[in-house]
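The values are calculated or read from the model by the stated rules, or taken from the named source; none is laboratory data. All values derive from a computational prediction rather than experimental measurement. Virtual Cβ from ideal backbone geometry, glycine too; neighbours counted across all protein chains shown. Heavy atoms of the whole protein, side chains included, go into the accessibility calculation; ligands, DNA and RNA do not. Shrake-Rupley method; radii C 1.70, N 1.55, O 1.52, S 1.80 Å.
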Amino acid sequence: MLRGKALGLAGLRREQEARQAIDFIASSFRKELYESLQKQLDVFRENLVLFARKYRKKIENEPEFRAQFHRLCISIGVDPLVSKKGFWEEVLGMGDFYYELAVKISEICIATRDINGGLILLDEIKRLLDNHNDEKFTKRTSKRIILRNRYEISRDDIERAVQRIQVLGKSYSIVSFGNIRYIQSVPGELSHDHSCVLSVSKEQGFTTERKLAASLKWSKERILLALKGLLEMELAWIDDQDLERLYWFPSLYYPIDD
Amino acid sequence: MTVFRYPPFYSYPPSFTLQPVKATREKQLKLWCDLVLSYCKHYKIFKLSVTDSANSSLFANTAIDRKLSLAAVEEVFSRLVSMGYGEWLNKEANVCLIYWRRPYEWAEIIYDWVERSGKRKSILTFYEIRFSEDTAEFEFHGIDPELLLRSLQVLESQGKCAVFEGKTNDDLGVKFR
């Protein structure tokens, strides 16, 4: 019994020591593991930089490749847009790319705001950026790299650039309805019905009551109410010089560069 | 003379229908006023008739088969006048002076020319100011006589000249001080 008790006390002590030892080993192991992971990550980053340098041209020239590279960066916690040191700038000399794209996008938003009520289809921004031979824009931005290097700009690039403007202020946002995306530069709420009308008018940039009735199967009242709302939000313009009244949506198409 | 380049809204069909929502209509009228002013400046037009211009390419784009109605054109003109960029010359005939430069601006330009060309203390007829070779390269060459009179009246009120009566507009004379 006595032995048992002594064993008990000593055992407790030993157990405690053992636990401490395990804790120590565990924590040093964790530390090691962490350090090794950190090391791996550093190696990975280094490789990423090498990779970026090596494929610089491809990253610059191919929007799809650029987007994939971007996703890779973000998945390991290197955000080229947020990183203060300017990852893109250091590695690719492209630090200004998104900044300049953002400036160009905001220029388009401001130039068309009076017409489209501050809502513009993402595809329309892309169209206008693609046709950047428009005098007004080229003149002002000719020394910028976007034009100089003739990067092909993807939807992904546009969204990233808009996210960058959002850092500066909340006035720019991307709104999506279904798979249709808009850039909104004037605050306002689009209802479900309004966005449906815009979505089905996307191809032509205008619609009519008859077209809406055919595609949406709504009652006349519901259609008229939605159109009235869009007119009042300054997102629609009427055109009475056709066979029937046309409702145009400058957010979807505006001949800024024709 | 180079061909005038119309702004984007001129190719946008609904621009030619007066908009029912006030905020949109305000922006629309502003676009049309800006167009009238830049168009007149480009072609050096000093006055426009509502009815004639309503049928001209200024307010009608045949490429998209759209035309601003006479009522809408009248609204554009009255907007120009209310903003100080135009003045009715003959309300019945609907003729309007278009001020792509306002009379006080023309006054400054003309007086600048008078000083630089040593015409102070001399007497000139309106015809000389408008059509003489001396003024050929100046923006006011060919200026409308009514507009010239208004501009010289600005100078007169500043004591910089005196306008003399004449039988016709071109007989009018002016002595610069």
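Those strands (runs of 3 or more DSSP E) of the stretch A:169-244 in which 1 or more residues are within 25 Å of B:Lys27 (Cβ to Cβ), away from chain B (no Cβ under 14 Å) and within 32 Å of the chain's Cα centre (by Cα) occupy A:173-177, A:180-184.
Residue-wise test of (1) farther than 26 Å from B:Asn61 by Cα; (2) in the same structural domain as A:Ile125 (by TED's automatic domain parsing); (3) in contact with a Leu (Cβ under 7 Å, 6 or more places away or on another chain).
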residue: A:Val186; (1), (2), (3): yes, yes, no
residue: A:Val200; (1), (2), (3): yes, yes, yes
residue: A:Glu203; (1), (2), (3): no, yes, no
residue: A:Arg210; (1), (2), (3): yes, yes, no
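Reported count of residues in the stretch A:218-254, each being open to solvent by 20 Å² or more (accessible area, probe 1.4 Å) and polar (S, T, N, Q), is 2.
Name every residue in the stretch A:197-217 that is open to solvent by 40 Å² or more (accessible area, probe 1.4 Å) and among the aliphatic types (A, V, I, L, M), in order of residue number. Selection gives A:Val200, A:Ala213, A:Ala214. Does A:Glu124 meet the test of being at pLDDT 80 or above, under 17 Å from A:Tyr253 (Cβ atoms), surrounded by fewer than 15 Cβ atoms within 10 Å (Cβ to Cβ) and not assigned by TED's automatic domain parsing to the domain that holds A:Arg56? Judged against the criteria, A:Glu124 is not a match.
All of B:Thr135, B:Thr168, B:Thr125 fail the test of being open to solvent by less than 10 Å² (accessible area, probe 1.4 Å), away from every other protein chain (no Cβ under 14 Å) and not hydrophobic (A, V, I, L, M, F, W, C), apart from B:Thr135. Going by the structure shown, is A:Asp157 away from chain B (no Cβ under 14 Å), open to solvent by 20 Å² or more (accessible area, probe 1.4 Å) and either in contact with a helix residue (DSSP H, G or I) (Cβ under 9 Å, 6 or more places away or on another chain) or at pLDDT 70 or above (or both)? Taking the combined requirement at face value, the residue does not satisfy it. Listed by position, the helices (runs of 4 or more DSSP H) inside the stretch B:50-117 whose residues that are of a type in the set (D, E, K, R) and in the same structural domain as B:Tyr39 (by TED's automatic domain parsing) number at least 3 are B:70-82. Here's a check for you: in the stretch B:18-33, which residue that is open to solvent by less than 10 Å² (accessible area, probe 1.4 Å) and free of Cβ contacts under 8 Å to residues at least 40 places away in the same chain is farthest from the other protein chains (Cβ to nearest Cβ)? Filtering first and then ranking leaves B:Gln28. Name the single residue, out of those in the stretch B:50-90 being away from chain A (no Cβ under 14 Å) and of a type in the set (Asp, Glu), that is surrounded by the fewest Cβ atoms within 10 Å (Cβ to Cβ). Residue satisfying both the conditions and the ranking: B:Asp52. Cβ-Cβ under 7 Å, sequence separation 6+ or interchain: first residue in the stretch A:221-247 and outside the structural domain of A:Pro187 (by TED's automatic domain parsing) and over 19 Å from A:Asn116 (Cβ atoms), partner open to solvent by less than 40 Å² (accessible area, probe 1.4 Å) and modelled with pLDDT under 95. Which pairs? Pairs found: none. Counting only residues that are in a loop (DSSP other than H, G, I, E, B) and at pLDDT 90 or above, the stretch B:140-168 holds 8 of them.
For B:Ser15, the test of being small (Gly, Ala, Ser), touching a residue at least 40 places away in the same chain (Cβ under 8 Å) and surrounded by fewer than 17 Cβ atoms within 10 Å (Cβ to Cβ) is failed. With respect to the conditions (1) outside the structural domain of B:Glu146 (by TED's automatic domain parsing); (2) free of Cβ contacts under 8 Å to residues at least 60 places away in the same chain; (3) assigned to a helix (DSSP H, G or I), B:Val36 lacks only one, and its number is (2).
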